[in-house]
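Here is the structure we will look at.
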4 protein chains.
Amino acid sequence: MAWGTFGFRSQTLNMPVEAEVLIPQAGYKSLKQEDNYKVIVLLHGVRNDRTEWLLKSQIFEMVKELPVLVFMPSAKNSFYVNTYTGYRYMDYISKEIPEFIRTHFRVSDKKEDWLIAGSSMGGYGAFVCGLNHTETFGNIASFSGAVDITDDVLQIPEFNMHQLFGPRSENLVESTNNLFYICDMIEEDKRPRIFMCCGDLDFLRPMNERYYEKIKDLYDVTAYWGEGDHDFIYWNEQLKNMFKWFCPEDLRNGYFMGRCGNDFC
Amino acid sequence: MAWGTFGFRSQTLNMPVEAEVLIPQAGYKSLKQEDNYKVIVLLHGVRNDRTEWLLKSQIFEMVKELPVLVFMPSAKNSFYVNTYTGYRYMDYISKEIPEFIRTHFRVSDKKEDWLIAGSSMGGYGAFVCGLNHTETFGNIASFSGAVDITDDVLQIPEFNMHQLFGPRSENLVESTNNLFYICDMIEEDKRPRIFMCCGDLDFLRPMNERYYEKIKDLYDVTAYWGEGDHDFIYWNEQLKNMFKWFCPEDLRNGYFMGRCGNDFC
Amino acid sequence: MAWGTFGFRSQTLNMPVEAEVLIPQAGYKSLKQEDNYKVIVLLHGVRNDRTEWLLKSQIFEMVKELPVLVFMPSAKNSFYVNTYTGYRYMDYISKEIPEFIRTHFRVSDKKEDWLIAGSSMGGYGAFVCGLNHTETFGNIASFSGAVDITDDVLQIPEFNMHQLFGPRSENLVESTNNLFYICDMIEEDKRPRIFMCCGDLDFLRPMNERYYEKIKDLYDVTAYWGEGDHDFIYWNEQLKNMFKWFCPEDLRNGYFMGRCGNDFC
Amino acid sequence: MAWGTFGFRSQTLNMPVEAEVLIPQAGYKSLKQEDNYKVIVLLHGVRNDRTEWLLKSQIFEMVKELPVLVFMPSAKNSFYVNTYTGYRYMDYISKEIPEFIRTHFRVSDKKEDWLIAGSSMGGYGAFVCGLNHTETFGNIASFSGAVDITDDVLQIPEFNMHQLFGPRSENLVESTNNLFYICDMIEEDKRPRIFMCCGDLDFLRPMNERYYEKIKDLYDVTAYWGEGDHDFIYWNEQLKNMFKWFCPEDLRNGYFMGRCGNDFC
């Protein structure tokens, strides 16, 4: 598997951006065929950047022999929305990045092969971008996502919620940034598959349970709970469940973690 | 914790070299004091490079709040020795790298605070550099180390053992590269502490058991066995035991994995 | 010369930040002595990042045999000030970065050995940070700096001047961010040495001529004009003049560009 | 223009390898069309690596608005040949890298759009790979190339010529690694266009003059001489001539150095 670090100019954000990319290597099994890679856009949490999953989890170890490209962008503390102050992070994540990936790599163009995932703020980001762009993402995976942005526990001064979402009351009841609102707005045949998890000690557990209750009868939802906190001890374990849910056939065909079965890792 | 990637010119190898470095951030707890960081020189396996531990394990997650600097060099398939063909990798790892670290970072100068560690070829490397340079390294940690280089199972054409060690028979019975030989040569007061582990399915398990038997009465050895194979599923778990063995006080003082206790991670 | 890329957590900005660093290699000539490196904090222009000077100029080629550490941070479109919206970029550049450098590298602690430099927005940044922090920077170098932030030509919507500086009229007449104001506020014995340049085709040439007239009798100013535009064709050439002005003795002692005189490049 | 750093596993060399890549950004002028990028494989000199051209020249500045992808691999001191000791660097450069580029990026498949270039050892490498693989490279550019490997001035112990080329006399008279031999072996309709340059103070000037005399009536050769030494002061200037020779239409259509004409740089 190849690992690349990209710096490029984002037209949407009008500034330089960077991303970490894990790319399946041509030559391995079926990878010579065009348009065969699945895609995971993997989002970080607050006060972090594109390196978070790479450094704190074993994502590389898990994906190294799978025909899956992983794209990890940096998005500051934007909560992955088009912010109230005019920074179009949702467009960057949901339109510009997929365009960049399709142009520069040989990936599948079927949305069933595209997954947007993330932890904490990135879990919210996976939901809000995924539900607002069902034409691109057929799958969403949230790891202890900050799924209720109206909840008091997220109204931390440092997060600058007003700069992101605007004044709290008027904009967030019926807002496409409100996950509890938008989930009802999507036609049945367009709904993505959903994976979500949250540990029992996690401070975001209550909102995750609420959101699961909200969507479980509307969507094909796979949920994991169990013991764990808001950290990468829990998320690294859940990552394994996510792969089993996202691409089970590839796991049967390729090695998943452990001693490498070919020369590409 | 800061993460840096360095490229510099090695005088010993007379070529450009690179390393990944995890650096404790000044300001955290006691880190303002000089000469306070412990050091881990962490070595990769065959056909790999400085990024191996960083990508395949959760080393960053484990060390992020500890006063420990981790230095991960690239050393190709050198087995970390001064090779028969003249490439002085042991000098690079054991003399030049510590000099680079001491010159550029504020680290402890007590060998009790220095650990050399690695997996597979790197486990052998940790032993061979550590036992040959007891003036620098007070601690050795081997993860499924290739500890018996005379063993048939390691005589793989690709490893070019002759180019590394010379003709097999003459040079390796009484050779400072032979771990079974050199371990008897070190005076008692100079012997490093040793950590070693190897899983039950690992093809290098027999030689690790033999070596443990050889050294257990001569050295302060902490050994872990258990279930596992020659891979990063096992080594990531054992890394936790290694930290508990290397710096238990720091674990009590700092957070070890999990939600970050300060703003530096 | 070693080249490193650092990622660390900024306490001032409360987010992950990155920088490119060129570090003199220990062992070369006088570099074994402590506290011997001079320091250049080198700032990028708008819509760019820490890689700008590294990629677009021959800075590495010029500094490779000099006892000078070059630190290139990313600072988005902040104009290197403590912004009106609360992002403390000036503190990051002028306090936190020097602290990081002093803690992690063996640099001179004399301000005569410290230079802050930059192009365009970074030229303004060099001036505004340098003049506001004369305790740290004994030298300022501006390459076509955006020295008059009240000038119409800089009131571009994309720059979000109001978010950076506040409402235009009230805050910028007597403001420490206004270079035309602060230059009169510094006691004679605290004034830094100044290098500035701007080509004849550069759209910022008029304001640079105005500022030169303003400061030439108050400061030790070395100015270059000549033919050129607002680009790295001109700035790469002027970089050579900057080194001759900043560290002429080092140029006599070390090689400056051209075939390397030792093994470290 | 996007800048990426790749690490991947080379099947040819059976080890991890890395490369710097400059990639035209989709969206710029005609770049939406498939298979439109030209390709430059750009080779470093002895004791250097993939970062050499990036750091020491203004290659990024020159190519930033051109529809040209630049790929800069690391190849140690291999002289870019399939070495006598079994390291297949020519295959890596001439077969595996083009395959990697074609698989992962949308580049032209016409050899007229492919250029292999390099300085010093890399200039020899451009010739030896280009002349041995005329099916891939339609253009060769040598910057002070080490074009006569039998010359005494190149028989430096550190270069290990015997490990690269075998015993000097027998193998190098009629050897496809001998540029003075192979140039006569290529059918007229397969001959690549050639660019070469060497300054008047350069210690490799005599052999470059000899080689020019050898090939000037056989090939379409563009040669630059002039004042200069074996360094990046000279090579950075000559790079501009190389672009004018390689892609003159693109220079007319795009900006070449200087202030960026679009948002992608």
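The values are calculated or read from the model by the stated rules, or taken from the named source; none is laboratory data. It should be emphasised that the depicted structure is a prediction, and the values quoted were computed from it without experimental measurement. Cβ: placed from backbone, ideal geometry, glycine included. Neighbour counts: every protein chain shown.
D:Asn82 meets all of the listed conditions (1) more than 15 Å from the chain's Cα centre (by Cα); (2) at pLDDT below 95 but one, namely (2).
Of the helices (runs of 4 or more DSSP H) lying entirely inside the stretch C:114-229, the ones with 2 or more residues being more than 22 Å from C:Arg50 (Cβ to Cβ) are found at C:161-165, C:168-172, C:179-182, C:205-215. The listed residues are A:Asn14, A:Asn48, A:Asn77, and the only one of them that is closer than 26 Å to C:Glu158 by Cβ, in contact with a strand residue (DSSP E or B) (Cβ under 9 Å, 6 or more places away or on another chain) and among the polar types (S, T, N, Q) turns out to be A:Asn77.
Take the residues in the stretch C:80-99 that are among the β-branched types (Val, Ile, Thr) and more than 20 Å from C:Gln155 (Cα to Cα), then tell me which one is surrounded by the most Cβ atoms within 10 Å (Cβ to Cβ). Applying the filter and picking the extreme gives C:Ile93. Mind checking whether some residue in the stretch D:172-181 is out of contact with any His (no Cβ under 7 Å at 6 or more places or on another chain) and over 23 Å from D:Met90 (Cα atoms)? Within the stretch D:172-181, not a single residue is out of contact with any His (no Cβ under 7 Å at 6 or more places or on another chain) and over 23 Å from D:Met90 (Cα atoms).
For the stretch A:102-117, state whether one or more residues are farther than 15 Å from A:Lys190 by Cα and under 11 Å from the mean Cα position of the chain (by Cα). Yes - at least one qualifying residue is present in the stretch A:102-117. Looking only at the stretch A:169-218, filter to residues that are of a type in the set (Phe, Trp, Tyr) and farther than 13 Å from A:Gly130 by Cα; which one of those is surrounded by the most Cβ atoms within 10 Å (Cβ to Cβ)? It comes out as A:Tyr211.
Restricting the stretch B:234-265 to residues that are modelled with pLDDT of 95 or more, out of contact with any Leu (no Cβ under 9 Å at 6 or more places or on another chain) and farther than 23 Å from B:Leu131 by Cα, the residue that is nearest to the other protein chains (Cβ to nearest Cβ) is B:Asn236. The residue of the stretch B:59-79 that is nearest to the other protein chains (Cβ to nearest Cβ), among those that are within 15 Å of C:Arg9 (Cα to Cα) and of a type in the set (D, E, K, R), is B:Glu61.
Candidates in the stretch C:7-24 are the residues that are surrounded by fewer than 22 Cβ atoms within 10 Å (Cβ to Cβ) and at the interface with another protein chain (Cβ under 7 Å from one of its Cβ atoms); of these, the one that is nearest to B:Gln25 (Cα to Cα) is C:Phe8.
Residues in the stretch A:125-136: is at least one among the polar types (S, T, N, Q) and either within 14 Å of chain D (Cβ to nearest Cβ) or surrounded by 19 or more Cβ atoms within 10 Å (Cβ to Cβ) (or both)? Yes; the residues of the stretch A:125-136 include at least one that is among the polar types (S, T, N, Q) and either within 14 Å of chain D (Cβ to nearest Cβ) or surrounded by 19 or more Cβ atoms within 10 Å (Cβ to Cβ) (or both).
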